[in-house]
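Worksheet: one structure, shown below.
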Amino acid sequence: DETFEAGGSITGLKTRSGGDVSELKWTSDGAELTITSAEEINLKCGRAVESVPINGDPAELAADENGEPCVKVSGDDVKVVFSFADINNGTYTISTESGGVMPQTSIDASAVVTGENAGEAAKWNIERKADGTYTIESALHGRYLVNNGSDVYMKRAPGQDDSMYWRLDENGYIAAVNGQYLRLENGALALGTDGAVFTFTAEPETLTQY
């Protein structure tokens with residue numbers, strides 16, 4: 001039964017649908033709501049979340065009409081805990097352990113350069129989806145990092161399929177949904193079963209959020 005010591009709190013709230021929230025409290029790790037009574041409501045969090053236990057039991061994250069993660073809640077005396085994900089939605093640089101960063105260098109391809117040569121092209125918008133996968137979008141050109149199961153390339157407005165979604169393994173390395181890692185091959189981005197080098201974990205030496 002996960003709880004957080006309050007870093008801030010509000011009491012006596014009402015939802016737009018008329019539900020009663022007796023208390024909302026939060027820290028840098030998560031937020032907790034105690035709902036006194038409510039008809040079915042969709043709860044969303046402004047941060048990317050790792051899990052959302054309801055009354056201590058894991059709840060499945062669904063997607064609302066805008067594709068944003070939410071949980072459906074109803075009933076009396078319900079406690080909802082949002083555990084924040086390590087990677088919040090935002091704009092980041094994606095780095096290698098050797099200090100290189102990944103910029104979008106053209107419409108169709110990416111390469112790895114040193115930090116001082118990266119500039120604006122090295123900024124990527126990272127967004128976590130309801131199932132825990134991420135999309136990686138160029139902040140400069142609005143194109144997404146996608147893959148076809150073997151090749152990695154850039155694409156504007158890709159289809160809603162596995163090609164545009166990425167995961168983090170237990171060590172924080174970026175992998176495609178099929179399990180292959182985002183890696184370097186002859187200086188270019190590729191997919192492979194070994195040689196994982198890219199991460200956007202929150203370590204200062206590997207990631208910068210702007």
Which members of segment 138-158 meet the condition of being surrounded by 16 or more Cβ atoms within 10 Å (Cβ to Cβ) and assigned to a loop (DSSP other than H, G, I, E, B)?
ALA139, ARG143, PRO158
(1) surrounded by 14 or more Cβ atoms within 10 Å (Cβ to Cβ); (2) part of a strand (DSSP E or B): which one isn't true of ARG47, the others all being true?
(2)
Residue within segment 161-175 that is closer than 17 Å to ALA122 by Cα and either at pLDDT 80 or above or in a strand (DSSP E or B) (or both) present
yes
Quick one: ALA38 ticks every box in (1) assigned to a strand (DSSP E or B); (2) at pLDDT below 85; (3) open to solvent by less than 70 Å² (accessible area, probe 1.4 Å); (4) within 24 Å of ARG128 (Cα to Cα) bar one, so which box is it?
(4)
Those residues of segment 55-86 which are in contact with a Lys or Arg (Cβ under 7 Å, 6 or more places away or on another chain) and at pLDDT 90 or above amount to ASN55
Taking the conditions exactly as written (farther than 12 Å from ILE94 by Cα, surrounded by fewer than 19 Cβ atoms within 10 Å (Cβ to Cβ) and at pLDDT 80 or above), does GLY187 satisfy them or not?
no
Output yes when any residue across segment 1-14 is under 21 Å from ASP131 (Cα atoms), open to solvent by 60 Å² or more (accessible area, probe 1.4 Å), part of a strand (DSSP E or B) and without any contact (Cβ under 8 Å) to a residue 12 or more places away in the chain, and no when none is.
no
Out of segment 159-177, which residues are over 19 Å from THR193 (Cβ atoms) and surrounded by fewer than 17 Cβ atoms within 10 Å (Cβ to Cβ)?
GLY159, GLN160, ASP161
Considering segment 72-89, residues that are loosely packed, with under 15 Cβ neighbours inside 10 Å and small (Gly, Ala, Ser), and then whichever is farthest from ASP169 (Cα to Cα), we arrive at GLY75
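The values are calculated or read from the model by the stated rules, or taken from the named source; none is laboratory data. The shown structure was predicted, so the numbers you read here are calculated from the model rather than taken from an experiment. So basically every Cβ, Gly included, is an ideal-geometry build from the backbone, and we count neighbours across all protein chains shown. The accessibility values were calculated without ligands, DNA or RNA, using every heavy atom of the protein model including side chains. Shrake-Rupley method; radii C 1.70, N 1.55, O 1.52, S 1.80 Å.
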